[in-house]
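Quick notes on the structure that follows.
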Amino acid sequence: MIENQIKKYYILPFGCQANIADSERIKSVLRQCDFIETANMDEADIITVVACSIRQHAIDRIFGLKPRFDAMRKERDLLTLLSGCVLEDDKPRMQKMFDVVFPIKELPDLPKKINAAKKNLVIRDYQNINPDYNSKFQAFLPIMNGCNQFCTFCVVPYTRGREESRPVKDILHEFQALIQRGYKEITLIGQTVNHYLVREEGKIYDFADLITWLDKTPGNYWIRYASSHPLHFTDKVINAVAKAKHTTPYLHLPVQSGDNQMLKRMKRVYSIEQYIDIVFKMRAAIPNLMLSTDVIVGFCGETENEFQNTVKLFKELEFDMAYLAQYSNRQGTYASKHMPDDVPKAVKAKRFKILTDVLRQTSSKNNKQQVGKTFEVLVEKVGEDGLLFGHTDTFKNIKFAGSPNLVGQFVDVKVTTASDWSLGGELEDGKLKVKKSYKVKLAV
């Protein structure tokens, strides 16, 4: 399927951090097959799409690539690959559009699938493939894959399968290798990351245990994690996160709705009271905690009163950020089969705006309270305006003047201005944050 003259590949990931992490492993495999990455899809000989099936819109965008692929095939040979989250109902149409459709677990077999296998190339478990990271100082580290929750609006259990946690040894090795290479921010990822659970040598280890072990690795770095599920945010997890030296004071905890009846219809398996209790405990344990969440407005059967309970929750907890979505029917979910999408689009849009306005008020209030404070910031890039851009340890966007040489470094920044969604600041004393270097002994 692959001819010698085909050398360039392009990868297009859709969706969450898990798909980005998978795309980095795909890059590694294609590089080991002697293919070269290009940033221009139009000059690629191999195009790999990593699909997201959470929303129909993402799948429609993938189908929308077909005219472009067809035009490219008229000019030259083109090989198209598809992996990621793909529903069985979507596969027949996908298989007509793509040359190879493969589940990510079969990534080790990709060289054979595209006739690019090499005698000395042996790839086993896909999660243990050394990724070609997109960044030199930030990395996503998958600790588990799949989901057991079966929320009525979600397709992930049908595309990713049931939960499978990676062995502790494998995670420690990848984590410590990143620290040794100087990575500053490592985000542990999983569909329900705080439900990490393994049985090894007759003992059961959970997410709290993993955080504690990783935190013992010497070095100057942050540990983040996403995405958590309230059902599994136990006191043990709270204590481990609070005590760890390298975890950041930021929590993303999806709530989806502020109404208990809505949560039951969504099959979220916790109550608003339990959710609030977790937030209160986390804020008590980590006083400067910043909080974000996910919410769906206009889910099946949502009444005005149920929506107002979500507004009430937003006003009570004063989220720093929220990722809001208007519900759209997704084929393959329980809701699509058994629940009518009966909230009018105009009502969804109105509720989306109302909640956004409440969020803007609390975000603006919280941001203004940061003025005058100094935060540790990881510099991520130079913006188009020439200012440095990064995130505080509390995961707030911040811009400030400084040398481009600071990208990839920790600096102390004093907040001088605040807007609804972001901060502005200046380098504290105009100096780089001084850090000691460490040598890391890899786990074996």
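The values are calculated or read from the model by the stated rules, or taken from the named source; none is laboratory data. Computed from a predicted structure; not experimentally measured. Here Cβ is always computed from backbone atoms with ideal geometry, including for glycine, and neighbour counts include all displayed protein chains.
List of remarks:
- In the range 154-169, of all residues being over 20 Å from the mean Cα position of the chain (by Cα) and in a helix (DSSP H, G or I), the one that is farthest from Cys52 (Cα to Cα) corresponds to Lys169.
- Segments classed as strands (runs of 3 or more DSSP E), wholly inside the range 189-259, with at least 1 members that are in contact (Cβ under 8 Å) with a residue 60 or more places away in the chain: 222-226, 250-252
- Looking only at the range 41-80, and only at residues there that are polar (S, T, N, Q) and at pLDDT 95 or above, the one that is surrounded by the fewest Cβ atoms within 10 Å (Cβ to Cβ): Thr80
- Selected residue (criterion: surrounded by the most Cβ atoms within 10 Å (Cβ to Cβ)) from residues of the range 287-323 that are among the polar types (S, T, N, Q) and under 30 Å from Lys243 (Cβ atoms): Thr293
- Some residue of the range 367-382 being modelled with pLDDT of 95 or more, within 26 Å of the chain's Cα centre (by Cα), within 21 Å of Lys184 (Cβ to Cβ) and surrounded by fewer than 15 Cβ atoms within 10 Å (Cβ to Cβ): yes
- Subset of the range 237-262 that is of a type outside the set (Asp, Glu) and over 28 Å from Lys396 (Cβ atoms) - its residue that is surrounded by the most Cβ atoms within 10 Å (Cβ to Cβ): Met262
Results for (1) crowded, with 20+ Cβ neighbours inside 10 Å; (2) at pLDDT below 95; (3) among the aliphatic types (A, V, I, L, M), shown as yes or no for each residue.
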| residue | (1), (2), (3) |
| --- | --- |
| Ile143 | yes, no, yes |
| Cys151 | yes, no, no |
| Tyr158 | no, yes, no |
| Ile171 | yes, no, yes |
| Thr212 | no, no, no |
| Trp222 | yes, no, no |
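- From Thr394, Thr417, residue being under 23 Å from the mean Cα position of the chain (by Cα) and modelled with pLDDT of 95 or more: Thr394
- Among the candidates Lys353, Lys414, residue that is among the basic types (Lys, Arg) and surrounded by 14 or more Cβ atoms within 10 Å (Cβ to Cβ): Lys414
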